[in-house]
Structures are given as C-alpha cells and as structure tokens.
1. For residue 118, state whether it is under 23 Å from the mean Cα position of the chain (by Cα) and in contact (Cβ under 8 Å) with a residue 12 or more places away in the chain.
2. Give me the pairs: first residue in region 58-83 and free of Cβ contacts under 8 Å to residues at least 12 places away in the same chain and on the phi < 0 side of the Ramachandran plot, second residue part of a loop (DSSP other than H, G, I, E, B) and surrounded by fewer than 19 Cβ atoms within 10 Å (Cβ to Cβ), beta-carbon distance under 7 Å, and six or more apart or on different chains, which are they?
3. Is there a residue being at pLDDT 85 or above, surrounded by fewer than 16 Cβ atoms within 10 Å (Cβ to Cβ) and part of a strand (DSSP E or B) anywhere in region 175-190?
4. Do we find a residue being over 23 Å from residue 96 (Cα atoms) and either modelled with pLDDT of 80 or more or part of a loop (DSSP other than H, G, I, E, B) (or both) anywhere in region 18-27?
5. Out of the residues in region 118-135 that are at pLDDT 85 or above and within 24 Å of residue 81 (Cβ to Cβ), state the one that is surrounded by the most Cβ atoms within 10 Å (Cβ to Cβ).
6. Would you say residue 158 is over 12 Å from the mean Cα position of the chain (by Cα), at pLDDT 85 or above and under 29 Å from residue 35 (Cβ atoms)?
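The values are calculated or read from the model by the stated rules, or taken from the named source; none is laboratory data. As the structure is a computational prediction, the values presented were derived from the model and not from experiment. Cβ sites come from the backbone with ideal geometry, for glycine too, and all protein chains shown count toward neighbours.
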C-alpha cells in the first residue's frame, strides 16, 4: 500500500520549471602555469512540500568535496578559477537544487614551455556539446536498476560519466551508455513514473488478456516497470 501511495504521489510530479544562477571566483596566479585538466563536482538537495534539503552553503561544500574526490590533485598541481552554478527545478509539491562546482587544474610551467594549455585541457574545453531530449548534466538518475547517481558530463553522443554510490556506501564514477540510465523525475514520450505500461497479451488459463504494470523510471528508449508479477523489468517503448 505504501508503495502504491508513493507511486501515486510521484506521478503528480510532472510539469516543471527551472532557474539558473552562477558565480566565478578567480584569484591572481603569481607564477606561469600550464592548464592541464578540469575538475567538476555536483551535489543536489530536494524538498517536498517545502520541507527538507540543506542550505546552499552546505550544498556548495558537498559539491566541492565531490570535485576533490573526482579529480584529486597530484604533486605540484592546484585548483584555480572556481565556478559555482546553481540550477533549481520546481514541480508541484517538490523542488530540487543542483550545485555544480568546477575548477581548472594547473601545474607550474617550465621556462621553455610555450603551450599554456595541455591537449587534455583543450579536449575538455572545446569538446562538442551533446544534447538529447531527456538528460542534462546534474540530473539525478537511476543506473543498473537500483543505483542512484548523478550525471557529471557527456563524454560522447551516446556516453555519459556518472557518479553513484555503491552498496558499500562508496562513491564511484563510471562512463556508461545513455541507454542504461533512467530518471524518476521527468516525463518523456508520454511515459512517466507511476504511469501505466501495457504489456502484450498474456495467456492466463487459456485466455489472452492485456495486463499492465507501473512505471518506475524512464529512459531514452525504454522504461523500468514493475510487471504483473511485481518484478522490476526493462521494457522498450511501444512503437
């Protein structure tokens, strides 16, 4: 009963709007440096009926902590040019704030160094923007059925880097296919969490009948749905 109430409540969370803001912090760099990499950390907080969540200061601190975990410094490296971006999305009875902290990673330049940007840095700086109709950087996602995570970046047209927490409460990052991640907060192609998914006809006692299950999460090509046996399964979109 509690599961059904949760799904029914989640099904209300459909339409949304979002607001963005951000800041840049850059102090003087006393020595000549080479830009070698970029570091990113993402943190989120949610409120239901205006209750819950943490302050923006704590959210930025958590995002910075994840930035260090995702890209720890090596010897002679340092972070410079911090940027902080906020995205707040609103649904009926629910809101979600995402803080993204990024920084450049630099190392001291040699006296004969002419190129101030490494190939790795330029690759990330000038990487093409990969767009799709469902996911954006910072989204909370479901991966491998039950692992909850966040999108850190788009690595290619079909690949994303996600951060997720393991069963042992360890934070990990991984590059996965866009087809293997799902959202519980958005509607896509008429599919939404808590909605009905109609299976093909099932034979029961010699009779064929149409049965349905409840959608648990939505992806770009398929949904995760509890079937008529209450098992979570992956089903492709209907043609």
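1. Spelling it out, it is not the case that residue 118 is under 23 Å from the mean Cα position of the chain (by Cα) and in contact (Cβ under 8 Å) with a residue 12 or more places away in the chain.
2. Correct list of pairs: empty, since none qualify.
3. yes
4. Yes, some residue in region 18-27 is over 23 Å from residue 96 (Cα atoms) and either modelled with pLDDT of 80 or more or part of a loop (DSSP other than H, G, I, E, B) (or both).
5. Going through the qualifying residues, I end up with 121.
6. Yes.
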